[in-house]
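Q: Please find one structure pasted underneath; my questions will follow.
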Amino acid sequence: MRHLDEYRDPLLARALLEETAAVATRPWRLMEVCGGQTHTLVRQGIDELLPAGMRMIHGPGCPVCVTPLEVLDRALAIAARPGTVLTSFGDILRVPGTQGDLLTQRARGADVRVVYSPMDAVEIARREPEREVVFLAVGFETTAPANAMAVLHAERLGLDNFSMLVSHVLVPPAMTTLLESPDCEVQAFLAAGHVCAVMGWTAYEPIAARYKVPIVITGFEPLDLLEGILMAVRQLEQGRAEVENQYARAVRRTGNTDAQNAVRRVFEITDQVWRGLGPLPDSGLRLAGAFARYDAALRHEVGTLRTLEHPDCIAGAVLTGSRLPTHCPAYGSSCTPRTPLGAPMVSAEGTCAAFHAAGRQALATNPGSPA
């Protein structure tokens, strides 16, 4: 535990908080763009210990949560087909579609399986050639290399019964969209260390320069985040807007070029719909033409889908940071981790799940905007 405990030292945490308070002269507003960071901030109470007036805005950092409803409904329709195996990671199987979730579909007899790697899905396809195996592939740039390798492995094996339903999203276009919103309050970003470990940070440099916004790449432990917050506040106080790397133990400017090459070989950039943000140009990945035979959306026609969000769920506002989970009238009552109305209460990286796990109580009245 030594290499974890050293990033959770309470004395160092207090020192970083005190230094941040000494440096800050204004009530700055910072956004973290990673659900894992959100959970650490909320679980450790860091967001409540910051200097008076300073606020963390929780961004669209949960890949399961931003997966559009249409993709979930398509997965449900594919899973209902005889002879089909629908595979994915555990979180997304519980995310509500228009007509229930994938676990409910399994209870009705569909062959829906939890896997721990896309390679597991490829192996199922190899062992069960009589069945169509579909992997529901969601995530930011972090999971794209593994999914690319799974497609390349299926190609090497000559599998004709494997495909992917892809909903990959890219972080920089989402940051740009948030910054261009007329209601944007974000003055600095904490960028996700695992995304940058793959992609590096060159794509963030034009954003920092154009929008005059500091971007600090941080890890996921309490001291990582506290140091990242301090670095961002120092930039704001000094009038700088640069990309800085707090997570130097894992991230290089150029990232992992082997992983990037695999992603570029298998995928191509496309427009993508984000739950909460809507359609964003050039913000997603789809299978490139050479690998179109592995595209489950092309391979499994499901007809016209009519999607419908739950009327009591404010997931879109939570994902953009314009509302906190505790502003939602359904939070903690009709919407809980056992009975979720939306993805942010389901996923291990969802903001609503983070607040609920930390015991944050719903507000008596909806104040209209985060305090």
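Q: Find all pairs meeting these conditions: Cβ atoms under 6 angstrom apart; at least six residues apart or on different chains; first residue within the range 335-348 and under 11 Å from GLY35 (Cβ atoms) and open to solvent by less than 10 Å² (accessible area, probe 1.4 Å); second residue of a type in the set (Ser, Thr, Tyr) and not in a loop (DSSP other than H, G, I, E, B).
A: Sorted first by the residue in the range 335-348, then by its partner, the pairs are PRO344/THR351.
Q: So how many residues does the range 70-106 have that are in contact with a strand residue (DSSP E or B) (Cβ under 7 Å, 6 or more places away or on another chain), more than 22 Å from THR143 (Cβ to Cβ) and part of a loop (DSSP other than H, G, I, E, B)?
A: The qualifying residues number 1.
One line per residue, one yes/no per condition, for (1) surrounded by fewer than 21 Cβ atoms within 10 Å (Cβ to Cβ); (2) over 19 Å from the mean Cα position of the chain (by Cα):
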{"residue": "MET54", "(1), (2)": "yes, yes"}
{"residue": "VAL66", "(1), (2)": "no, no"}
{"residue": "LEU76", "(1), (2)": "no, yes"}
{"residue": "ALA80", "(1), (2)": "yes, yes"}
{"residue": "ARG94", "(1), (2)": "yes, no"}
{"residue": "GLY97", "(1), (2)": "no, no"}
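Q: Could you please find all residues in the range 107-145 being part of a strand (DSSP E or B) and aliphatic (A, V, I, L, M)?
A: The answer is VAL112, VAL114, VAL133, VAL134, LEU136, ALA137, VAL138.
Q: Could you check, for the range 147-157, whether at least one of its residues is under 27 Å from LEU280 (Cα atoms) and either open to solvent by 10 Å² or more (accessible area, probe 1.4 Å) or not in a helix (DSSP H, G or I) (or both)? First the steps, then the outcome.
A: Within the range 147-157, the subset under 27 Å from LEU280 (Cα atoms) is 147-151.
Within this subset, residues satisfying the condition of being either open to solvent by 10 Å² or more (accessible area, probe 1.4 Å) or not in a helix (DSSP H, G or I) (or both) are 149.
There is at least one residue in the range 147-157 that is under 27 Å from LEU280 (Cα atoms) and either open to solvent by 10 Å² or more (accessible area, probe 1.4 Å) or not in a helix (DSSP H, G or I) (or both).
Q: Any residue at all in the range 104-117 that is over 16 Å from the mean Cα position of the chain (by Cα), polar (S, T, N, Q), open to solvent by 20 Å² or more (accessible area, probe 1.4 Å) and under 21 Å from ASN147 (Cα atoms)? First the steps, then the outcome.
A: Residues of the range 104-117 over 16 Å from the mean Cα position of the chain (by Cα): 104-117.
From what is left, the residues that are polar (S, T, N, Q) are 104-105, 117.
Filter once more, so that each one left must be open to solvent by 20 Å² or more (accessible area, probe 1.4 Å): 104-105, 117.
From what is left, the residues that are under 21 Å from ASN147 (Cα atoms) are 117.
Yes: the range 104-117 contains one or more residues that are over 16 Å from the mean Cα position of the chain (by Cα), polar (S, T, N, Q), open to solvent by 20 Å² or more (accessible area, probe 1.4 Å) and under 21 Å from ASN147 (Cα atoms).
Q: Taking helices (runs of 4 or more DSSP H) that do not extend beyond the range 241-328, which have at least 2 residues that are open to solvent by 30 Å² or more (accessible area, probe 1.4 Å) and within 30 Å of PRO182 (Cα to Cα)?
A: Output list is empty.
Q: Can I ask one more? Looking only at residues in the range 25-49 that are touching a residue at least 40 places away in the same chain (Cβ under 8 Å), open to solvent by 20 Å² or more (accessible area, probe 1.4 Å) and touching a helix residue (DSSP H, G or I) at 6+ places or on another chain (Cβ under 9 Å), which one is nearest to PHE140 (Cα to Cα)?
A: GLY36
Q: Any chance you could count how many residues in the range 271-318 are touching a strand residue (DSSP E or B) at 6+ places or on another chain (Cβ under 8 Å) and among the aliphatic types (A, V, I, L, M)?
A: Residues in the range 271-318 being touching a strand residue (DSSP E or B) at 6+ places or on another chain (Cβ under 8 Å) and among the aliphatic types (A, V, I, L, M): 8 in total.
The values are calculated or read from the model by the stated rules, or taken from the named source; none is laboratory data. Note that the coordinates shown come from a computational prediction; the quantities given were computed from them, not determined experimentally. A quick note on method: Cβ atoms are made from the backbone with ideal geometry, for glycine too, and the neighbour counts reach across all protein chains shown. Ligands, DNA and RNA are excluded from the accessible area calculation, which covers all protein heavy atoms including side chains. Shrake-Rupley method; radii C 1.70, N 1.55, O 1.52, S 1.80 Å.
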